[in-house]
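Data block below; observations after.
The values are calculated or read from the model by the stated rules, or taken from the named source; none is laboratory data. Fair warning: this is a prediction, and the values are worked out from it, not measured in the lab. All Cβ positions, glycine included, derive from the backbone under ideal geometry; neighbour counts span all protein chains shown. The area values use the complete protein model at the heavy-atom level, side chains included, leaving out ligands, DNA and RNA. Shrake-Rupley method; radii C 1.70, N 1.55, O 1.52, S 1.80 Å.
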Amino acid sequence: MAIVEVKVPQLSESVAEATLLQWHKKAGEAVARDENLIDIETDKVVLELPAPDSGVIVEVIKADGSTVVSGEVIARIDTEAKAGTAAAPAAAPAPAAAPAADPVAAAIGQL
C-alpha cells in the first residue's frame, strides 16, 4: 500500500490560515490525479486543491469547515488501490434492494 498525503498548499505570506469549504470526494472513493478534492478559502481567495496522485481516498483527516494552515495533512490517498475496487462495494447494495421488492409483490399478490 502506497499512501500519499494530501496537504494544504503554501498560502500567501500574509495569510496565516484557511478554511476547508467542501470535500468533493469521500473516504473510499476513487480519485484521479489533478481532480479537485476540496475547495479551500482564505480571506483573499478560494483555491481548488487537486489530488496529488490517482488512487482511493483512505482517510479524510480534516472535515468541512475545519481551519487549517499551510502544509497540514488533511487526507490520505492509497495510490495502489484501483477504482474498480472502490466501485465494487458501492455496487453491491443495489442487488440487495431487489429482494426487498419481492415481499411487497407477494403481499400484493395475496390481496
Can you name the strands (runs of 3 or more DSSP E) wholly within segment 1-68 that have at least 1 residues being open to solvent by less than 30 Å² (accessible area, probe 1.4 Å) and over 20 Å from residue 79 (Cα atoms)?
-> 18-23, 36-41
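Mind listing whichever residues of segment 28-50 are among the small types (Gly, Ala, Ser), free of Cβ contacts under 8 Å to residues at least 40 places away in the same chain and either at positive phi or in contact with an Asp or Glu (Cβ under 8 Å, 6 or more places away or on another chain) (or both)? Step through it out loud before you land on a result.
Filtering segment 28-50 for residues among the small types (Gly, Ala, Ser) gives 28, 30, 32.
Filter once more, so that each one left must be free of Cβ contacts under 8 Å to residues at least 40 places away in the same chain: 32.
None - no residue of segment 28-50 is among the small types (Gly, Ala, Ser), free of Cβ contacts under 8 Å to residues at least 40 places away in the same chain and either at positive phi or in contact with an Asp or Glu (Cβ under 8 Å, 6 or more places away or on another chain) (or both), so the list stays empty.
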